[in-house]
Amino acid sequence: MLQLLKEFLNDVGIGEKPASRFSESDYRLAAAALLIHVMSVDGQETGDEQDMLHDLLKRQFDLDDDAVTELIAAATAADREAVDLYSFTSLINRSLDEDGRRRIVKMMWEMVYADGRMNEFEDNIVWRASDLLGISQRDRVEMRRDVAETLKSRDDA
């Protein structure tokens, strides 16, 4: 009975929160928040985008399904609380080398094209994040083209 009361209080935000696997200083949380921001910027979160988000996080960070679900929940909350992209990109800059930061930008492009199209808001988010991550315009455009071609060839197959 006491355990049920604790769980209820936790659910309504009064009790202690269970410890998360993903602290605020975990670059994976920052990367996931950027992906969620890209996914939600157009106001339409499709099933394809949600599937892509889950698959990207699972594959890139070698997580099981429960960890991915937890990461998405934590990153969604972080994205809602964020006022800009800088808090996420600065953490990623401190945590990853240039190749790692390129992987994050590539993941962002994969989110952009998950629904089969890119809009100007998504393009702008990736442009701003890439700039803050120190990724050149040339590399950003090259990654966009590569991701678009890869997904198009996958759809054609």
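For this structure, a couple of remarks:
- Debye log10 I(q)/I(0) at q = 0.13, 0.17, 0.19 Å⁻¹ for the chain, Cα point scatterers: -0.61, -0.98, -1.19
- For segment 45-155, the share of accessible area belonging to carbon and sulfur comes to 45 percent (1.4 Å probe, ligands and nucleic acids excluded).
- Mean separation of Cα contacts under 8 Å, 6 or more apart, over the residue count of segment 54-135: relative contact order %: 31 percent
- Around E142: net Lys/Arg minus Asp/Glu count, Cβ-Cβ under 13 Å: +3
- For the residues E24, E110, E49, a 1.4 Å probe over the protein chains yields an accessible-area ranking, largest first, of E24, E110, E49.
- Accessible area of segment 23-103 divided out per residue, in Å², using a probe of 1.4 angstrom: 52 Å²
The values are calculated or read from the model by the stated rules, or taken from the named source; none is laboratory data. In this text, all values refer to a predicted model and were calculated from it rather than measured experimentally. Heads up, the Cβs are rebuilt from the backbone with ideal geometry, glycines too, and the neighbour counts pull from every protein chain shown. Note: accessible area is taken over every heavy atom of the protein model, side chains too, but ligands, DNA and RNA are not part of it. Shrake-Rupley method; radii C 1.70, N 1.55, O 1.52, S 1.80 Å.
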